[in-house]
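A short reminder: the numbers here are calculations on the coordinates, not readings from a lab. Values in this document were obtained by computation on a predicted structure and should not be read as measured data. Here the Cβ is made from the backbone with ideal geometry for all residues, glycine too, and neighbour counts use every protein chain on show.
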Amino acid sequence: MSFTKVCTLDDVWEGEMEAFTVNGQDILLVCAEGGDIKAFQGICPHQDIPLIEGKFDGKKVICRAHLWQFDACTGKGINPDDCALAAYPVKIDGEDILVETDGVEPLFAHT
């Protein structure tokens with residue numbers, strides 16, 4: 001695997017999310033409750049809305065357009081529950097956050 005540095009731990013605090021473009025892919029980094037950092041596709045699988053425009057409460061990522069909700073630890077859909085966000089492997093190297101994009105494609109859901 002080839003990990004790419006995205007940012008540092010100081011750039012994403014617990015309960016926050018940030019958007020990045022990594023190797024041509026829109027990535028949403030979230031720091032869930034407890035400090036666990038996850039990387040997901042940055043676009044809602046419903047209608048291509050950037051998820052950074054939505055809300056994050058430390059547990060759920062909520063799209064602004066139709067309020068679709070996703071679990072911040074797994075990327076699985078909460079409402080509706082038949083969709084998901086593609087998850088990217090994350091590695092912490094000292095203070096750096098690295099993400100692997102190879103072989104991961106964004107997911108799309110029903111309309």
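Which value, in nm² and rounded to one decimal, describes the direction-averaged projected area of the C-alpha convex hull of the chain?
On the way: hull surface 24.8 nm².
Hull-based average projected area comes out at 6.2 nm².
Output the relative contact order of the chain, whole-number percent, from Cα pairs under 8 angstrom with separation of 6+ residues.
Worked out over the chain, it gives 27 percent.
What are the ³J(HN,Hα) values, in whole Hz, obtained from phi via the Karplus relation 6.51 cos²θ - 1.76 cosθ + 1.60 with θ = phi - 60°, for each residue of region 15-29 in sequence order, with x given for Gly and Pro?
x, 10, 9, 9, 9, 9, 9, 10, 6, x, 10, 7, 10, 10, 9
Under 10 Å, Cα contacts only: if you run a Gaussian network model on the chain, which one of L29, L85, L67 comes out with the highest mean-square fluctuation?
L67
For region 73-84, take each phi angle, set θ = phi - 60°, evaluate the Karplus expression 6.51 cos²θ - 1.76 cosθ + 1.60, and give the result in whole Hz per residue in order, putting x for glycine and proline.
Once θ is set to phi - 60°, the couplings for region 73-84 become 9, 10, x, 5, x, 9, 9, x, 9, 9, 9, 7 Hz.
If you average the alpha carbon positions of region 1-58 and of region 77-109, how far apart do those two centres end up, in angstrom?
8
With a 4.7 Å Cβ cut-off, tell me which Cys residues in the chain come up empty for a partner.
By the Cβ distance rule, which asks for a partner under 4.7 Å, the isolated cysteines are C7, C31, C73, C83.
Give the residue list of GluC sites (Glu not before Pro) in region 37-111 that are DSSP loop and have at most 16 other beta-carbon atoms within 10 angstrom. Can you show the working numbers first?
Working: sites: E53, E95, E100; in loops: E95.
Here the sparse-neighbourhood loop sites are E95.
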